[in-house]
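Have a look at the structure below before the remarks.
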Amino acid sequence: MDSSVRQDYCIDAHHHLWRNRDPGQPWMTEEMSSLRRDIGLDDLHKVAAASGITGTVVIEVERTAEETRWLASLAASDDVILGVVGWAHLTDLSAQRELEQLADLPKLRGVRHPIHDEPDPNFILREDFNRGIAALRALGLTYDLLIFEEHLPQTITFVDRHPEQVFILDHIAKPRIRDGSIATWRSDLLELARRPNVYCKLSGVVTEANWNRWTPEMIAPYIDTVLEAFGPRRLMFGSDWPIVLLASTYDRWVNTVRSAIARLSTFEQESILWRSVTEAYGLSQPATHGHA
């Protein structure tokens, strides 16, 4: 990888696109009603360009293989989207065959299943789910961990079952920032980060805080903790756009992260802004010019 200074690069490791179709997404609560509209490439290009984003990774929200194919079709003809994280029936007996088919899709880099939506707190330890996870590495696919803070102990056990699999932790494991709670999350996160095959996304933070009253000072202890835990090499910037709009503009979140890491060396800042995500997902380096 080019080790020269590239301050013109910034990759958003976590955003979404979706089609607003009836009956709507079950996770989209009434307080998220402002997001009940189509979110497409034109919307992405506008916010990315305005914030200096040169590339992105788009993440599933629909929990269907059909959506995964749709996202890959968008990415295939777009210079900004560098990678796709889709969804697959990982607990199904046919998971291996489905994963083999999905792995051939343009720019597909990984899959995700929202653990925090499962009623069983130990879903992540189920034998059928782990069988599906075991099929990922041979196909060169990563796995995004979408969990709540309370799932961290089970996640540590889970990751230990797959020491060669690349995992990317979404939204810093959703600590209870609104409550000012940090001690248990911090302890468990530091333990998870001891596994070198786990990366972490600095995303989804402000939506775990008070949407209307959060400040950089309120979230600073959480950012400091993930920096301590993963270091810049395994920590990557993500917006969680458009969900981030519930608590922040896109630009405000980008600038909040840039300010939080400004004390780091140039190389360390680059690690968070594009090197880590490029390494974790095996992305091509983004073009300096284009949509963004």
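The values are calculated or read from the model by the stated rules, or taken from the named source; none is laboratory data. For clarity, every value in this text was computed on a predicted model and none was experimentally measured. Backbone-built Cβ (ideal geometry, glycine too); neighbour counts: all protein chains shown.
Scan (1) assigned to a loop (DSSP other than H, G, I, E, B); (2) closer than 20 Å to VAL198 by Cβ for the single condition ILE124 breaks and write down its number.
Here ILE124 meets the rest and fails (1).
Can you tell me how many residues in the range 47-66 are over 20 Å from ASP79 (Cβ atoms) and touching a residue at least 24 places away in the same chain (Cβ under 8 Å)?
5
When MET28 is evaluated against the numbered criteria (1) without any contact (Cβ under 8 Å) to a residue 60 or more places away in the chain; (2) part of a helix (DSSP H, G or I), which criterion, by number, is the only one it fails?
Only one criterion is unmet by MET28, namely (2).
Filter the range 113-150 for residues that are of a type in the set (S, T, N, Q), within 20 Å of ALA65 (Cα to Cα) and either out of contact with any strand residue (DSSP E or B) (no Cβ under 8 Å at 6 or more places or on another chain) or surrounded by fewer than 15 Cβ atoms within 10 Å (Cβ to Cβ) (or both) and give the result.
Within the range 113-150, ASN130 is the sole residue that qualifies.
Go through ARG69, ARG37, ARG21, ARG63 for me and flag whichever is in a loop (DSSP other than H, G, I, E, B), under 16 Å from ARG112 (Cα atoms) and charged (D, E, K, R). Break it down stepwise before answering.
Values: ARG69 fails: in a loop (DSSP other than H, G, I, E, B); ARG37 fails: under 16 Å from ARG112 (Cα atoms); ARG21 fails: under 16 Å from ARG112 (Cα atoms).
Result of the check over ARG69, ARG37, ARG21, ARG63: ARG63.
A quick yes/no check of all residues on (1) more than 16 Å from HIS15 (Cα to Cα); (2) among the aliphatic types (A, V, I, L, M); (3) buried (at least 21 other Cβ atoms within 10 Å of the Cβ); (4) touching a helix residue (DSSP H, G or I) at 6+ places or on another chain (Cβ under 7 Å):
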| position | (1), (2), (3), (4) |
| --- | --- |
| ASN212 | yes, no, no, no |
| PHE230 | yes, no, yes, no |
| ALA247 | no, yes, no, yes |
| ASP251 | no, no, no, yes |
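Are any residues in the range 217-226 surrounded by 18 or more Cβ atoms within 10 Å (Cβ to Cβ) and either free of Cβ contacts under 8 Å to residues at least 24 places away in the same chain or of a type in the set (Phe, Trp, Tyr) (or both), and if so, which ones?
Within the range 217-226, the first condition is being surrounded by 18 or more Cβ atoms within 10 Å (Cβ to Cβ), and the residues that meet it are 219, 222-223, 225-226.
Hit for the range 217-226 is TYR222, nothing else.
Could you tell me which numbered condition MET236 fails, if it satisfies all but one of (1) touching a helix residue (DSSP H, G or I) at 6+ places or on another chain (Cβ under 7 Å); (2) assigned to a helix (DSSP H, G or I); (3) surrounded by 21 or more Cβ atoms within 10 Å (Cβ to Cβ); (4) not charged (D, E, K, R)?
So MET236 meets the others, but not (2).
Matching residues to (1) part of a helix (DSSP H, G or I); (2) modelled with pLDDT of 95 or more:
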site	(1), (2)
LEU190	yes, yes
GLY204	no, yes
TRP214	no, yes
MET218	yes, yes
LEU227	yes, yes
ASP251	yes, yes
LEU264	no, yes
THR278	yes, yes
ALA287	no, no
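I need the full set of residues from the range 91-112 which are outside any helix (DSSP H, G or I), more than 27 Å from SER77 (Cβ to Cβ) and either of a type outside the set (A, V, I, L, M, F, W, C) or within 20 Å of the chain's Cα centre (by Cα) (or both), in order please.
THR91, ASP92, SER94
Pick from the range 201-243 the residues that are closer than 20 Å to GLU60 by Cβ and β-branched (Val, Ile, Thr): which of them is nearest to the chain's Cα centre (by Cα)?
Among them, the one singled out is ILE243.
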